[in-house]
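Written below as structure tokens is the structure these notes are about.
The values are calculated or read from the model by the stated rules, or taken from the named source; none is laboratory data. Keep in mind it's a predicted model, so treat the numbers as computed, not measured. Here Cβ is always computed from backbone atoms with ideal geometry, including for glycine, and neighbour counts include all displayed protein chains.
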Protein chains: 2
Amino acid sequence: MFILHHGWRSSASRRVRLCLAEKGLKFESVLVDLTKMEQHSPEYLKLNPNGVIPLLILPDGRSLYESGTICEYLDETYPEPPLRPDDAYGRAEMRNWIRYADERIGNLIIFNWKHSIAKVASKWTDAELAEAMKKIPSKERQQAWLRAARQPYTAEEENEARRKLTVMLDKMESNLAQHAWLVGDRYSLADIAVVPFVKRMDEEIIPDEMSAAKHPRVHAWWQKLQARPAFKEARIESFTSTL
Amino acid sequence: MFILHHGWRSSASRRVRLCLAEKGLKFESVLVDLTKMEQHSPEYLKLNPNGVIPLLILPDGRSLYESGTICEYLDETYPEPPLRPDDAYGRAEMRNWIRYADERIGNLIIFNWKHSIAKVASKWTDAELAEAMKKIPSKERQQAWLRAARQPYTAEEENEARRKLTVMLDKMESNLAQHAWLVGDRYSLADIAVVPFVKRMDEEIIPDEMSAAKHPRVHAWWQKLQARPAFKEARIESFTSTL
């Protein structure tokens, strides 16, 4: 049995849940509440010294972190149904798509953290904020928490993030003109990598851009993807749901 | 025959050259001069719209970018000698090492660009700088060029970068206590991924930390790595050499 340390709304956790669901792999769910900084608790750091979610504990007790790494491991270890192209060039294209999405996570966080981390962090006293900062190992993450706590993103910053996310849809649209899925004609980890982005663009960030008029192929792809049984099972639900 | 668009001192180019050399794969070399912004020229953007090096043109005319992606493609397509672990878990660890190094490239650029981009960019007029900015697609890269041109990194920033690079050596030392190479007992793409970092730490950034007294296992690993014929062939030379 797998044990997954994750969050329902965490983008990286959503990718891993989708991959597990496609493979039909069950897991014991352990929720890690980022707004309570549980990912920096001594207990969690013992499991994952990097202090990030998701963390997948394998049936043999070893563990893995990083959604891209976890998903590719799962596909290599549980090859049915395959979630990677059969050819090396296709796998290279798939890995570049995952990287492309990873590099744009900052544009998504601006909108996602409003619902979660900002709500909590904005109520911290300066002393509590200073204490929290000490627990965050990377400077980039420290900066993001500081913004969430004290300096909300400006309209200009939000617009720039919306523009970059729209470019992602343009790039998807262009690929989908040639193939049924992002890389070739097989649903793959590349499609899974962008799901947490597209879900949020569709429900809140740039719903207009997700219309059949603006990005018809992305629109059709998104309908097809949401109809997969794994999508429901992975619980990629609304950010305002009670989940 | 492969065609490699690259730079001798570019970290990502160095990784790909090392991988090609280990595989005994020859390539036609096309140098891209970053200080002349040749990576943003219309001719180059036709080959690689992302405007980054290296770019590997395959014998069949298709191309690939991103050093991690290129190296894994090469190992899948030309499996001898193998540069990845045989087991899926080992490959997962290898991919997390590559990602770990990738995420720290900003700490290396601070020291590397002094020798190249800063020398050129600091002489630009404001108009030339504005023109150059327009050609750089990502905000992060724009910021790095702006710093190189107008606002050299402070001693405090350099010290923080040195500290983070030292943590990389600590992490390597800890892994090398258990295995001959970074991941298990086979030289892999994980070792190749850190070579551009270690080379610069050794020659300029934190040479003391590279001593047998401070990081004995990294020291021995580095001697062993430099003795590989591929190292010489890949021309990972001094930043102050005439290359």
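Tell me, which residue of the stretch B:61-85 that is within 9 Å of chain A (Cβ to nearest Cβ) and part of a loop (DSSP other than H, G, I, E, B) is surrounded by the fewest Cβ atoms within 10 Å (Cβ to Cβ)?
B:62
Tally up the residues in the stretch A:33-47 that are buried (at least 19 other Cβ atoms within 10 Å of the Cβ) and in a loop (DSSP other than H, G, I, E, B), please.
So the count comes out to 1.
Would you point out which residue out of A:28, A:43, A:72 is outside the structural domain of residue A:197 (by TED's automatic domain parsing), of a type in the set (D, E, K, R) and in contact with a helix residue (DSSP H, G or I) (Cβ under 7 Å, 6 or more places away or on another chain)?
Testing whether each residue is outside the structural domain of residue A:197 (by TED's automatic domain parsing), of a type in the set (D, E, K, R) and in contact with a helix residue (DSSP H, G or I) (Cβ under 7 Å, 6 or more places away or on another chain) leaves just A:72.
Taking interchain pairs and intrachain pairs at least six residues apart, which have beta carbon atoms under 8 angstrom, with the first residue in the stretch B:25-43 and closer than 12 Å to residue B:53 by Cα and the second part of a helix (DSSP H, G or I)?
Filtered contacts from the stretch B:25-43: B:32/B:38; B:32/B:39; B:32/B:44; B:34/B:117; B:37/B:132; B:37/B:135; B:38/B:44; B:40/B:135.
Restricting attention to the stretch B:163-202, report how many residues are closer than 21 Å to residue B:92 by Cβ, without any contact (Cβ under 8 Å) to a residue 40 or more places away in the chain and of a type in the set (A, V, I, L, M).
Total satisfying the criteria: 1.
Which one of these is within 14 Å of chain B (Cβ to nearest Cβ), aliphatic (A, V, I, L, M) and not in a helix (DSSP H, G or I): A:52, A:30? So that I can check it myself, show each step before the final result.
Numbers: A:30 fails: within 14 Å of chain B (Cβ to nearest Cβ).
Only one candidate qualifies: A:52.
Quick one: which residue in B:56, B:83 is touching a helix residue (DSSP H, G or I) at 6+ places or on another chain (Cβ under 8 Å) and touching a residue at least 60 places away in the same chain (Cβ under 8 Å)?
B:83
Would you point out which residue out of B:88, B:12 is within 16 Å of the chain's Cα centre (by Cα) and either closer than 20 Å to residue B:237 by Cβ or surrounded by fewer than 21 Cβ atoms within 10 Å (Cβ to Cβ) (or both)? Before you say what the answer is, go through the steps one by one.
Working: B:88 fails: within 16 Å of the chain's Cα centre (by Cα).
Step by step, each of B:88, B:12 is checked, and only B:12 is within 16 Å of the chain's Cα centre (by Cα) and either closer than 20 Å to residue B:237 by Cβ or surrounded by fewer than 21 Cβ atoms within 10 Å (Cβ to Cβ) (or both).
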